[in-house]
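Engineer: Okay, here's the structure, questions in a sec.
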Amino acid sequence: MWGHFGDGSIGPPGTYYDDRSGHVAYFWNMFDQVLVRPDLLDYFATEDVQILTDDGLEALLTRNGRPDSTMASDHLPLLFRLDL
């Protein structure tokens, strides 16, 4: 998942943003995952998974582009498709 999104994708580079200071700060994290068992890999394309930034009506991000925990959650949801 991290290799799929990371810095090269359109939209946020992860599903969780942590801006606490510390010795090491990574900020964006990819805690949320899509796990597919090997038997289903033929029905799954990596381009069919995306990080949602809105619910179709309202943004799930704040103005500074971070998850809006007052709107929904401090994690952004994933949407994926299996072509069965």
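Engineer: Report the relative contact order of the range 29-84, percent, no decimals, based on alpha-carbon pairs under 8 angstrom and at least 6 residues apart.
Structural biologist: 43
Engineer: Hey, fewest Cβ within 10 Å first, where do I10, I51 land in order?
Structural biologist: Going from sparsest to densest Cβ surroundings: I10, I51.
Engineer: Give me the dipole magnitude in Debye, nearest 20, for the chain about the Cα centre, with unit charges on the beta carbon: positive for Lys and Arg, negative for Asp and Glu.
Structural biologist: 240
Engineer: Same structure again: Once the dipole of the chain is set up with Lys and Arg at +1 and Asp and Glu at -1 on Cβ about the Cα centre, which of H23, A72, F44 lies farthest towards its positive end?
Structural biologist: H23
Engineer: Would you kindly give the portion of the calculated P(r) for the chain that falls above 20 Å, as a percent of all Cα pairs?
Structural biologist: Counting every Cα pair in the chain, those more than 20 Å apart make up 39 percent.
Readers should treat all values here as calculations from the given coordinates under stated rules, not as data from a laboratory. The structure presented is a predicted model; accordingly, all values stated were derived computationally and were not measured. Quick reminder, even Gly has a Cβ in these numbers, built from the backbone with ideal geometry, and neighbours come from all protein chains shown.
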